[in-house]
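Remarks on the structure that follows.
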């Protein structure tokens with residue numbers, strides 16, 4: 001009797017486990033934001049926080065897209081302007097400008113974006129690979145998420161956080 | 001007796017720790033009897049305790065552990081399987097061991113506990129004889145053996161070749177030979193004695209041990225007393241607790257009571273200390289902030305009663321924070337001897353390998369340093385000492401020929417000097433020849449001929465730290481790849497340290513490493529350039545001087561000044577850190593004289609902000625390795641200030657061409673105007689109506705108009721650089737920032753020097769006009785005015801092209 005019960009329980013828990021896994025595997029949660037005219041997204045779990053802009057300190061001898069460093073509750077964190085990084089002309093910070101603080105392992109950096117859009121749940125099936133032209137080791141594009149009315153470029157956080165100068 | 005107490009304390013601390021671990025391990029062993037690793041570990045515990053206790057003459061404990069060791073040894077060699085029965089006996093003996101240790105702790109003696117029953121059971125397992133030996137009976141034999149062996153072990157572990165320096169290789173060789181024989185003789189006798197006594201103790205492993213030990217034991221035989229002071233394998237722990245436990249032990253011994261012990265030392269995970277240090281860092285930052293706020297409040301509420309109270313609190317907080325910081329820093333301190341200890345052996349090996357005679361003299365090994373520095377300092381020292389042995393000290397024949405003593409001396413010294421610790425490595429070898437160094441560097445293309453000519457001897461000595469530099473004709477085992485000294489430089493600089501070399505050909509070389517006591521918190525001088533601030537470690541600042549521009553001369557495209565009898569080369573901090581010269585430079589500038597070893601450099605800055613205690617934070621992986629920046633700190637106001645890396649700065653400075661201090665910068669506004677809307681004019685007025693009136697007056701011209709509601713807003717628009725203004729119309733009375741202030745602020749900026757500022761106001765008095773002129777206004781229009789008049793004034797001031805009219 002008890003063996004049977006055990007069997008049943010273990011089967012149940014197995015099912016549960018796999019369904020949870022499936023569920024997690026199925027849907028990716030992203031946070032979307034706008035830079036220039038394009039919408040981009042990064043996985044929600046790689047975002048430490050999103051804050052309103054405040055002052056930063058310029059650092060010499062870095063490319064223009066590295067604005068400098070800022071103080072995030074006692075930690076000194078680099079600040080990167082994604083507009084400049086993507087080769088767009090600089091733009092004044094506005095009401096909508098935000099710093100997204102992203103983390104990958106021990107690497108942390110703040111990124112300046114033009115505007116947040118929303119948190120997005122997207123099915124894995126709806127994420128295609130990056131276009132052939134940008135595939136390679138250096139690409140910062142993880143893939144392209146297709147949605148009903150638009151497509152979103154999903155960025156690789158580890159590549160964003162990697163120093164490339 | 002003091003010494004003995006100290007050793008005893010160390011022994012107890014160590015033993016209790018070991019025994020505690022033993023319990024866990026044994027339990028695990030029972031469920032996992034095949035685990036050889038575990039078994040070996042347990043064996044070592046018994047062995048260590050046996051060794052130490054015999055050394056301290058605790059016969060009963062020695063007797064017990066010796067038999068435990070036998071059992072475990074057999075298990076270790078697979079001659080015995082650990083059955084639950086066997087385990088019972090082992091556990092029993094461990095319990096007894098604990099009792100004995102407690103007894104020793106309380107009474108300093110292990111008498112009074114009967115271990116014979118347990119020993120008998122242990123014996124039964126090993127020998128199966130079951131013959132009950134009494135400790136008294138066994139003692140003579142056992143003691144003879146273990147007492148003999150244990151001290152050697154300790155010596156071997158901790159006191160590696162203390163005396164090599166005093167002996168020539170031949171002597172050492174002979175000594176080893178003699179001791180080896182003696183030892184073998186003893187062993188043989190002992191074996192015979194044991195066989196005679198009917199003991200079936202497996203001899204082989206011990207035989208191996210003793211062989212090894214005997215090879216190392218000459219120092220023990222030579223100076224048994226020297227081996228005594230430090231038998232603990234953990235010098236770090238012992239140094240930390242050495243003073244306190246000693247007293248406690250003395251106090252406890254006469255009492256012979258109080259079995260509930262107070263732990264004398266606690267081992268703490270380094271991570272916890274690091275975390276504590278970080279927290280202190282935060283506290284120091286908060287303290288700085290508090291002081292800043294206190295100053296502000298003091299200014300604003302001068303003479304108020306609560307101020308005194310606030311002052312008191314702030315100074316107490318500041319005092320306690322400083323004390324706390326020092327206290328925590330001290331917990332992280334380790335004696336540098338920990339690093340020095342490995343060098344006698346190294347020197348011995350090297351001198352053999354190189355066929356040289358070298359003596360190492362160590363002093364100041366008790367000097368304490370932050371743990372992280374102690375860890376980093378080892379490698380550089382190894383490289384420097386290897387270098388001294390290989391390149392510095394000459395072969396004996398050469399030394400004799402030169403009339404020097406045959407044996408070369410390398411002395412390793414550590415001492416405190418102010419906020420720094422100095423590690424000095426001297427040798428009496430052949431010294432560095434600056435000409436030869438330059439020649440070699442030229443050959444390897446490290447320097448140019450011109451550089452070689454102007455190079456001072458000190459600078460030439462520093463060449464040995466260049467990557468790729470090597471004077472060795474061929475790569476040997478010891479050195480010659482041109483990597484080692486580069487490692488030294490990188491590591492020392494990582495520690496914010498300074499390297500200072502002195503050398504005289506034929507006499508020897510002296511290398512001094514000056515390293516800050518701690519890495520985390522330093523004193524810094526804060527300087528300002530334009531709108532930016534930088535922190536310079538105060539340890540590198542020699543002095544500050546205020547100079548006027550005329551005192552700066554240009555020699556070969558580089559700025560220099562006379563500082564008393566010296567010529568000091570100057571570099572502007574703005575040139576190094578690519579600071580945009582927005583603000584007009586003052587007639588006066590400050591020069592911060594930086595000193596590194598013997599080289600000096602004057603750093604021109606705009607302002608001196610003051611001295612502050614700063615907490616060094618890393619810029620992180622993303623921004624690491626920026627030339628001239630050592631890190632960042634967070635200031636009282638929450639902003640980030642970059643810390644100048646003086647070493648790198650000196651390097652950069654050599655390649656920076658001087659930019660004339662008062663560089664002519666024409667505003668970018670001089671672009672060719674092709675249409676009326678290329679002209680941009682700002683209207684600054686707090687009244688919407690007034691702004692509209694002005695707009696109406698100027699719109700017909702077709703120029704671009706930008707409005708601002710007050711001085712502050714106007715300044716922000718100007719600073720943002722979105723527009724290149726050709727003129728500004730400024731009202732005088734405005735909230736937040738009035739017109740006069742706005743005008744004088746604008747005039748501070750180089751690029752707006754020629755921007756026409758036109759006052760538009762209802763103030764008509766002469767003094768108002770005067771103030772307007774003083775603050776930099778070029779025109780003064782009084783309200784009310786006609787639209788045409790305003791337009792014409794503006795046209796005149798912006799050089800409005802007539803074809804647009």
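Every condition in (1) modelled with pLDDT of 80 or more; (2) in a loop (DSSP other than H, G, I, E, B); (3) closer than 22 Å to residue B:699 by Cβ holds for residue B:796 except the one numbered (2). Of the residues making up the stretch B:360-377, those that are under 28 Å from residue B:396 (Cα atoms) and buried (at least 19 other Cβ atoms within 10 Å of the Cβ) number 1.
Taken residue by residue, the stretch B:17-33 has at least one member that is touching a helix residue (DSSP H, G or I) at 6+ places or on another chain (Cβ under 9 Å), modelled with pLDDT under 75 and not in a helix (DSSP H, G or I).
Kindly establish whether residue B:549 is surrounded by fewer than 18 Cβ atoms within 10 Å (Cβ to Cβ), touching a residue at least 40 places away in the same chain (Cβ under 8 Å) and in the same structural domain as residue B:381 (by TED's automatic domain parsing).
Details: surrounded by fewer than 18 Cβ atoms within 10 Å (Cβ to Cβ): yes; touching a residue at least 40 places away in the same chain (Cβ under 8 Å): yes; in the same structural domain as residue B:381 (by TED's automatic domain parsing): no.
Here the answer is no, as residue B:549 does not meet what is asked.
Where strands (runs of 3 or more DSSP E) fall wholly inside the stretch B:605-657, the ranges with 3 or more residues that are more than 14 Å from residue B:494 (Cα to Cα) and touching a residue at least 12 places away in the same chain (Cβ under 8 Å) are B:607-615, B:629-634. For the stretch B:406-449, a residue qualifies if it is in contact with a helix residue (DSSP H, G or I) (Cβ under 7 Å, 6 or more places away or on another chain), over 24 Å from residue B:467 (Cβ atoms) and surrounded by 16 or more Cβ atoms within 10 Å (Cβ to Cβ), and the qualifying residues are B:408, B:410, B:412, B:420.
Return a yes/no flag: does the stretch A:81-93 have any residue that is closer than 26 Å to residue B:286 by Cα, away from chain B (no Cβ under 12 Å) and crowded, with 19+ Cβ neighbours inside 10 Å. No, there is no match, as no residue in the stretch A:81-93 is closer than 26 Å to residue B:286 by Cα, away from chain B (no Cβ under 12 Å) and crowded, with 19+ Cβ neighbours inside 10 Å. Residues in the stretch B:684-727 that are on the phi > 0 side of the Ramachandran plot and in contact with a helix residue (DSSP H, G or I) (Cβ under 7 Å, 6 or more places away or on another chain): B:702 alone. Taking the criterion of being at pLDDT 80 or above and outside any helix (DSSP H, G or I), the residues of the stretch B:423-446 that qualify are B:423, B:424, B:425, B:426, B:427, B:428, B:429, B:430, B:431, B:432, B:433.
Against the numbered list (1) surrounded by 17 or more Cβ atoms within 10 Å (Cβ to Cβ); (2) away from every other protein chain (no Cβ under 12 Å); (3) at pLDDT 80 or above, residue B:669 comes up short only at (3). Against the test of being at pLDDT below 85, in contact with a helix residue (DSSP H, G or I) (Cβ under 8 Å, 6 or more places away or on another chain) and within 11 Å of another protein chain (Cβ to nearest Cβ), the options B:620, B:638, B:625 yield a single qualifying residue, B:638. With respect to the stated conditions, residue B:644 is modelled with pLDDT of 85 or more, within 13 Å of chain A (Cβ to nearest Cβ) and within 18 Å of the chain's Cα centre (by Cα).
Reported count of residues in the stretch A:26-71, each being more than 14 Å from chain B (Cβ to nearest Cβ) and at positive phi, is 1.
Close contacts from the stretch B:719-732, counting a first residue that is within 14 Å of chain A (Cβ to nearest Cβ) and over 11 Å from residue B:682 (Cα atoms) and a second that is modelled with pLDDT under 85 and in a strand (DSSP E or B), with Cβ to Cβ under 9 Å and a gap of 6+ residues or different chains, come to B:719/B:749.
For every residue, the table says whether it meets (1) at pLDDT below 85; (2) in contact with a strand residue (DSSP E or B) (Cβ under 7 Å, 6 or more places away or on another chain); (3) closer than 30 Å to residue B:5 by Cβ.
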| residue | (1), (2), (3) |
| --- | --- |
| B:255 | yes, no, yes |
| B:271 | yes, no, no |
| B:290 | no, no, no |
| B:305 | yes, no, no |
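Strands (runs of 3 or more DSSP E) fully within the stretch A:64-165 that include at least 2 residues being in contact (Cβ under 8 Å) with a residue 60 or more places away in the chain: A:98-104, A:107-113, A:115-123, A:151-155.
Within the stretch B:73-104, the set of residues being surrounded by fewer than 20 Cβ atoms within 10 Å (Cβ to Cβ), over 16 Å from residue B:39 (Cα atoms) and under 52 Å from the mean Cα position of the chain (by Cα) comprises B:92, B:95, B:98, B:99, B:102, B:103.
Could you look through the stretch B:733-781, keep only residues that are within 49 Å of the chain's Cα centre (by Cα) and closer than 20 Å to residue B:687 by Cα, and pick out the one that is surrounded by the most Cβ atoms within 10 Å (Cβ to Cβ)? This residue is B:742. In the stretch B:573-591, the residue that is nearest to residue B:651 (Cα to Cα) out of those that are modelled with pLDDT under 85 and assigned to a strand (DSSP E or B) is B:589. Entry remark, the stretch B:499-540: residues being under 18 Å from the mean Cα position of the chain (by Cα), modelled with pLDDT of 85 or more and within 14 Å of chain A (Cβ to nearest Cβ) number 1 in total.
The values are calculated or read from the model by the stated rules, or taken from the named source; none is laboratory data. Everything quoted here is computed from the prediction, not taken from an experiment. Using ideal geometry, Cβ is built from the backbone for each residue, glycine included, and neighbour counts are taken over all protein chains shown.
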